[in-house]
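Comments concern the structure below.
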Amino acid sequence: MIPARLRTALRLTLTGAVATLASAVLAPPPAAGADYLGSWGSLGEKPGQFTDIEDVATDTRGYVYVLDTFVDGDGRVQKFTGDGRLVRQWGRSADESERGDNDQVPGLLYEPRALTVGPDGNVYVAEDGPDRTRISVWSATGKYLRAFAASGSGPGQITDPKGMAFDASGRLVVADSGRLTLFTQGGAAAGTLESEALDRPGDVVSGPDGRLYVTDAPTVSVFGLDGAFFGSLGESGDAPGPFFEDNQSLAFGAGTLFVSDRRLSRVQQFSASGAYQSPVGLSPGSQAAQFTEPTALATDCRGTLYVADTGNRRVQRFGVKGAVPCGSVAKDPAERFVASLGGAAIQEFRQEFAVRPAVSCGRPCAGVISGKVTIRGQRRAITLDTERRALEFPGLAVVNLAPSELGTDRILAALRRKQRVTATVKFTGRDLTGRVTSKTKVYRLR
């Protein structure tokens, strides 16, 4: 830790937009300045649920990315609209055959700790598992692109990543064990930032002044892009304004600095100059606008604040009611909602089913699969049973569609006579944003 004498001197020499919080806490706090706008999430591993939220980030279109880990350390990224409608997810649990061999399964997220969205729109995830330490890069639609960094304390290596952010020059800054490790956007080593003023770096964010703000319990340290130390904000304490020993996350929005305090279950709001303004939300708890162990914070283009309310397994948002959204999933060409139908074009008819289509939405959806069988020379089609499926991951799901007992007899008779028999299958999916898409495919039966 920085000696008390040095810390006091640094507070006296803060310049520009950075000022001490110590005097600001003497005044009574004003009323909370951010309206409660709602929340989403619950405990679980299904789409839209959370087990242990590690981090949250936003992109320029207003999507919210939530990094979540399961009990065994496997993780996933869930992508939501700003009002909490799930768009897609990626990452999955490793099966027994894959454990201990994660390098061979690049699409797994193993012990993820932090994420951020780059200037290129890609999602960067820091992983720190016993079998693999890396920064993996994913497209905004969840496609695995590449990975860089490795375990270690040298240039281009990381040992204990806690937070990540891109600075004003486009470098990726990783809050690592006792230092900040820098990378280019392409993943090349770009140096390290080490300082006697940096003890236990946690989260990191680039401020509107271009400086780097780093949680360094119990204070927030401020650095220039060249590594110059500009001072620290705050002190240890549980009164309004100070931070407890493990202040967890930072976010800037509309010139306002937000700081979460996991141990005290609160989020505080400060001016751009570092003066304490107000709490965000209410007292600790599980009701609306209350927090239990809040961890990660993020803001979008409107200044809306997203709080990972980890103890309550949800994300809460605060901001200005009626603010114009940053973007629309319906107008995003990269997020077209596409359904697919697969399976063999020619299928063997079975007594228990007529056809086995493979269906997929490309992202979590509720699907309805229906169809009919047509026999050449017969006008009356045979209706197949309708199946309904909740599809969580983008992989194909095989569905058995069967006719009635009378329909089965008609199909078998036609096949024995060598008549042409075809099944026309329609798949209609509705994603969690409310968008609907459909696909039709014809299969030959024999």
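The figures follow:
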| quantity | calculated |
| --- | --- |
| Kirkwood-based shape ratio for the range 190-252, expressed as Rg/Rh from alpha carbons | 0.96 |
| Cα-based Rg / Dmax (Å) for the range 324-446 | 16.8, 64 |
| Lys/Arg +1, Asp/Glu -1 at C-beta; the range 346-433 dipole; positive extreme among Gly429, Pro394, Pro364 | Gly429 |
| Most fluctuating residue given options Ala397, Ala275, Ala345, as computed from a GNM of the chain linking Cα atoms under 10 Å | Ala345 |
| Two-site FRET efficiency, Glu352 against Asp72, from Cβ-Cβ distance with R₀ of 51 Å, rounded to 0.05 | 0.90 |
| Prolate/oblate/rounded label for the range 375-416 (Cα gyration tensor, a/c 1.5) | prolate |
| Whole-Å semi-axes of the range 227-275's equivalent ellipsoid (Cα gyration tensor) | 18, 14, 10 |
| Relative contact order computed over the range 216-312 (Cα-Cα under 8 Å; 6+ residues apart), in percent | 20 percent |
| Fraction of accessible area attributable to carbon and sulfur, the chain (%, probe 1.4 Å) | 50 percent |
| At R0 = 51 Å, FRET efficiency that the Cβ-Cβ distance of Ser328 and Leu225 yields, to 0.05 | 0.90 |
| Dipole magnitude of the range 251-346 about its Cα centre (Cβ charges: Lys, Arg +1; Asp, Glu -1), debye to nearest 20 | 120 debye |
| Of Gln248, Gln419, Gln347, the one that fluctuates the most in a GNM where the chain has Cα springs shorter than 10 Å | Gln419 |
| Contact order normalised by residue count of the range 96-196, Cα under 8 Å, 6+ apart, percent | 18 percent |
| At 0.890 mPa s and 25 °C, Stokes diffusion of the chain via Kirkwood alpha-carbon radius, µm² per second | 102 µm²/s |
| Across Lys372/Lys418; Lys331/Lys372; Lys79/Lys321; Lys46/Lys372, pairs whose alpha-carbon gap is larger than 25 Å | Lys331/Lys372; Lys46/Lys372 |
| Alpha-carbon centroids, the range 305-328 and the range 336-375: separation in whole Å | 38 Å |
| The range 311-446 - charge dipole about Cα centre, Lys and Arg +1 at Cβ, Asp and Glu -1, debye rounded to 20 | 400 debye |
| For the chain: relative contact order, % (alpha-carbon pairs under 8 angstrom, 6 or more apart) | 14 percent |
| Average projection area in nm² (convex hull over Cα atoms of the range 66-217, one quarter of hull surface) | 9.6 nm² |
| Residue-averaged [θ]222 nm for the chain, counting only DSSP H segments that reach four residues, each worth -39500 (n - 2.57) | -1500 deg cm²/dmol |
| Average accessible area per residue (Å²) across the chain - probe 1.4 Å, nucleic acids and ligands excluded | 42 Å² |
| Dipole in debye (nearest 20) - the range 193-324, about Cα centre, beta carbon charges: Lys, Arg +1; Asp, Glu -1 | 760 debye |
| The range 40-96: translational diffusion in µm²/s, Stokes-Einstein, Kirkwood Rh over Cα pairs, 20 °C, 1.002 mPa s | 186 µm²/s |
| Equivalent-ellipsoid semi-axes of the range 216-302, from the Cα gyration tensor, Å, largest first | 22, 15, 11 |
| Cβ-defined net charge surrounding Gly210, 15 Å radius [Lys, Arg +1; Asp, Glu -1] | -1 |
| Rg ratio (alpha-carbon, reference 2.2 N^0.38 Å) - the range 144-198 | 1.06 |
| Against the rule of thumb 2.2 N^0.38 Å, how large the Cα Rg of the range 340-409 comes out | 1.19 |
| Straight-distance crosslink candidates among aspartates and glutamates, where the alpha carbon sits under 13 Å from Lys426 and sequence neighbours closer than 8 are dropped | Asp385, Glu387 |
| For Thr437, net neighbour charge (Lys/Arg +1, Asp/Glu -1) across residues whose Cβ lies under 13 Å away | +4 |
| Gaussian network model of the chain, Cα within-10 Å springs - most flexible of Asp120, Asp167, Asp431 | Asp120 |
| Positive-pole candidate from Ser206, Gly234, Gly285, dipole of the range 179-301, charges at beta carbon | Gly285 |
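The values are calculated or read from the model by the stated rules, or taken from the named source; none is laboratory data. None of the values given here were measured: they were computed from a predicted structure. Positions of Cβ are backbone-derived with ideal geometry, glycine not excepted, and every protein chain shown enters the neighbour counts. Surface areas here come from the heavy atoms of the whole protein model, side chains and all, with no ligands, DNA or RNA. Shrake-Rupley method; radii C 1.70, N 1.55, O 1.52, S 1.80 Å.
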